[in-house]
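Heads up, the thing below is written out as structure tokens.
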Amino acid sequence: MKGLLILAALIVSVGSAHATTSCALGPARLQETRLILPVTCGPAARAVPYPDGPLHIGATLYRMPSGLRGRVAPLPSAELAPGDTLHLPSITFTAGPALRELSFDAAGATGFTHLLVAIWDQKNVCEADGNSESGCSRFQYSLGRVDAAEFPIPVDAWPRPICDKQGLQAAGFFRWVEREGDPAGMAAPSPFDRMFTLNDCYAATGPVGLGFSVRRWRVAPLPAR
């Protein structure tokens, strides 16, 4: 889970007390040795509220099995082999203007097949943890907050996890989770069982972000140069 939190380093900072700007992340593209991540702000079908103020975006590259090349795929639950992940240093930014392109140095991307990007509302100082692949060991920080079940709470991600926040709110799903549910792994009663199975979000996190805790990160194929 630690590696997952770091790799998600690219997620945006959130603060429920802040004003918000509607934005959306991605898709990414490679331009020579740079990984370009567009953040588009303004009214759009897939835009979500980003908090105004400092945001943190992180990216992690993966070397996935050959059968998954060219496909969006769930991130394996087991740890990948050493050398199969590469965390890129995070970038701090603020939401807006209408289009902002954030650029990472991707000169070391050779041999990696997939990408995960995330925006968080928090940057945490941490000590080296003995895992040379982790963000703590490489950068002495991790990104993001976690919920009561220790699932990460990103503002946005690319590829985006499945979370129908508005539909779940209307159905009372989040109220049920808060009062009765055990998001660490329970059999949800009808009608929440199907919602629980199809969505990657357990909890609403206020007026900013997608309002989810991620169970199943997905990774996207690295775009061609």
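Numbers for the structure displayed
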quantity: Within the accessible area of the range 79-127 (1.4 Å probe), percent carbon and sulfur; calculated: 56
quantity: In range of the label at Ala47: residues from the range 81-106 whose backbone nitrogen is under 17 Å from the point 7 Å along Cα→Cβ; calculated: 94-101
quantity: Accessible area of the range 89-169 divided out per residue, in Å², using a probe of 1.4 angstrom; calculated: 44
quantity: Nitroxide proxy distance, nm - points 7 Å out along Cα→Cβ at Arg216 and Ile162; calculated: 0.6
quantity: Under-5 Å amide H pairs with His87, H placed in peptide plane, nonlocal only; calculated: Leu61
quantity: Extension gain, Leu198 back to Glu101 (0.36 nm per residue minus Cα-Cα distance, nm); calculated: 31.8 nm
quantity: Alpha carbon centroid spacing (whole Å) that separates the range 98-177 from the range 75-96; calculated: 8
quantity: Note, ³J(HN,Hα) from phi for the range 46-60, Karplus 6.51, -1.76, 1.60, rounded to Hz, x at Gly and Pro; calculated: 9, 6, 10, x, 9, x, 6, x, x, 10, 10, 10, x, 9, 10
quantity: Length gained when the stretch Asn124-Ala78 is fully extended (0.36 nm per residue, less Cα-Cα span); calculated: 14.1 nm
quantity: In sequence order, calculated HN-Hα J values of the range 146-163 (Karplus, 6.51, -1.76, 1.60; Hz; x Gly/Pro); calculated: 10, 8, 4, 8, 6, 8, x, 10, x, 7, 7, 8, 9, x, 6, x, 8, 8
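The values are calculated or read from the model by the stated rules, or taken from the named source; none is laboratory data. Computed from a predicted model, the values in this text were never measured in an experiment. Quick reminder, even Gly has a Cβ in these numbers, built from the backbone with ideal geometry, and neighbours come from all protein chains shown. Areas reflect the complete protein model, heavy atoms only, side chains present, ligands, DNA and RNA absent. Shrake-Rupley method; radii C 1.70, N 1.55, O 1.52, S 1.80 Å.
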